[in-house]
Amino acid sequence: MAEEVLLANNAKITGHLTKSLLAVAFLASFGSSMLYGYNLAVVNSPAQYIKSFYNETMIESHGWSLDEEDLTVMYSLTVSIFAIGGMIGALLVGTLVTKYGRKGTLVKSTVLVFVAAGLMGFSRACRYPAMVIVGRFITGVHSGISLSVVPMYLGEIAPKNLRGFLGLMPSIHICLGVFIAQVLGLHELLGKEEHWPLLLSLVVVPTFFQLMLLPWFPESPRYLLIEKRNVHATITALKWYRSKGNIQAEIEEMQEEQRSLSSIETVSVLGLIMDRCVRWQLITIVVVNIGMQLSGIDAIWFYTNDIFENAGIPGPHIQYTTVGTGAIEVISGTLGCFTIERLGRRPLVIGGFTFMGICCAGITVSLLFQAQVALMRYISVACVVGIIAGFCIGPAGVPFLMTAELFKQSHRPAAYTVAGCLNWLSNFTIGFVFPFLQMATGSYCYLIFCAVCLGVAGYTFFIIPETKNKTFVEISQMFSARNGILQDESTEFAPTAGHLKMSKMNGYGTLELHEEKKEPNGREDLEGY
């Protein structure tokens, strides 16, 4: 029962990486996050085959062919509608995780992948191009949901000393998804004309494994206690995810947050925007999520082949060079995952964005002088690799982790909705605007990305505190002074037999003393929370 696992009052809220934690992090990331990376890159290799399919079906149906401009528009729609679906998925996150839970949302959303894979897989046989476009839209909706829900789920089940490590697992799998799509898209594998529907529909494989195994794992303990008020389910989940030992301190920390939120429901996006108590947390996720996309990483990925071609790499070999950059993404993401708990969040974000900014400036210089200096061609390749590595080591994953850490339970779903929408909107914007930006500014366009990267690095250095090994309550307290809510509400901390309680200032107040509730036998009354 509850009291059997609640031991010493002064226990530290730390934990070891158990097999259950590692397994659920792998399943959630492998079956959801990896699909986002896979779907980003999978349409690049069969682009010409997809265009030919569109043209062939148009001739069969209407007796006339599409010109090159119309084919480009159709293909661009196929690519960009993925981001539109992602934005819609991000808008659904708050409602879904509140109603179905974190794990429940991931499990139920798998139906989208099976529908999308069926549409894309049978599109060539049915001779119906709209099936590809609709399938891409549905995969976008799934990615928009999972891109927010997976880090939210992992951030809530992880002990505070492992939250960074588990929080970056999704970003590793995103990079892995890109790499797998690049490898499978090679001409020697599935990069042939007859195989492109299979290439697009392979997303069902990881989703099938997730659907078979993830339902056996518990829901987020924090969701079960704070939102569902189910103490025994919470303790059962914690026993599953923690090694044998004391979970008293972790239960108490969640109860403390629960008491601070007892007077309010999960806030809406509008409520989040209007709440002054989370003003700087909201500004922070806006800056880092927009900065992540406007750093130029999408433009770099889009124009990698052109830069490699200008560097003198033979055309037939460029596909292998691109696969090499995918491998660098995976290695860099793994490096960030295994160093975040030692270095902290700030060094990875500051270092990653700063390095990207320097490399963006390097690309501008190399493109300007590569006609005069042959060495500059190779410097441009090195800068491309540097931008990709710098992005994957920190900026690719830490913003999603920050969104989980900077907000408590009541505000977290709305925060992920805002972050996800900004992420997808910025992604769509940079894909649409960059060609025109490059035509207007030429090689100098990368200096704009340089300024964005250095600006986000500067904001992180001066504004964002280090959240490593901090509880959600402690992190909210770190922002209290900056949000202007600490002046009259704060009370001096003093050792006491009672609990500390957050004042009910929309869940982001200050500490005050709160006596424990006791049952007649002297044990703490957990059922009342």
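Spatially, the range 416-432 and the range 434-453 are offset by 19 Å when compared through their Cα centroids. Quick check for you: which residues of the range 34-56 have the amide N under 12 Å from the point 7 Å beyond the Cα of residue 327 toward its beta carbon? Correct set: none at all. Peptides 337-345, 197-205 ranked from most to least packed by the mean count of surrounding Cβ atoms within 10 Å: 197-205, 337-345. Only Cα pairs under 8 Å and at least 6 apart count here; give the relative contact order of the range 110-189 as a rounded whole percent. Computed value for the range 110-189: 21 percent relative contact order. Take the chain with all the other protein chains still there, run a 1.4 Å probe, and you get 41 Å² of accessible area per residue.
With the convex hull drawn around the C-alpha atoms of the range 3-162, the volume per residue stands at 139 Å³. When the GluC sites (Glu not before Pro) in the range 173-275 are filtered for DSSP coil states and for at most 13 other beta-carbon atoms within 10 Å of their beta-carbon, the remaining sites are 188, 265. For the range 397-484, GluC sites (Glu not before Pro) meeting the loop criterion (DSSP other than H, G, I, E, B) and having at most 16 other Cβ atoms within 10 Å: 466. Using just the Cα positions, wrap the range 75-130 in a convex hull and report its mean projected area in square nanometres, one decimal place. That works out to 4.3 nm², a quarter of the Cα hull's surface. Accessible surface of residue 381, taken over heavy atoms with a 1.4 Å probe and every protein chain present, rounds to 30 Å².
In percent, rounded to a whole number, the relative contact order of the chain is 22, using alpha-carbon pairs under 8 Å and six or more apart.
For residue 128 and residue 22 in the same chain, what is the full-extension length gain: residue separation times 0.36 nm, less their Cα-Cα distance, in nm? Working it through step by step, the gained length comes to 34.0 nm. A full extension of the chain between residue 213 and residue 186 corresponds to an added length of 6.6 nm, given 0.36 nm per residue minus the alpha carbon distance. Calculated from DSSP H runs of 4 or more alone, at -39500 (n - 2.57) each and per residue, what is the 222 nm mean residue ellipticity of the chain, nearest 500? That comes out to -21500 deg cm²/dmol. The Cys residues in the chain with no partner Cys Cβ within less than 4.7 Å of their Cβ are 126, 175, 277, 337, 392, 421, 445, 453. Relative contact order for the range 17-152: 35 percent, from Cα pairs under 8 Å spaced at least 6 residues apart, divided by residue count.
Apolar share of the accessible surface for the chain: 66 percent from carbon plus sulfur atoms, 1.4 Å probe. With respect to the chain, whose longest principal axis is taken over its alpha-carbon atoms, helix 19-28 is tilted by about 40°.
Expressed per residue, the C-alpha convex hull volume of the chain stands at 145 Å³.
The values are calculated or read from the model by the stated rules, or taken from the named source; none is laboratory data. Keep in mind that what you see is a predicted model, and the values were worked out from it rather than measured. Please note: Cβ atoms are built from the backbone with ideal geometry, for glycine as well, and neighbour counts cover all protein chains shown. Note: areas computed on protein heavy atoms with side chains; ligands, DNA, RNA excluded. Shrake-Rupley method; radii C 1.70, N 1.55, O 1.52, S 1.80 Å.
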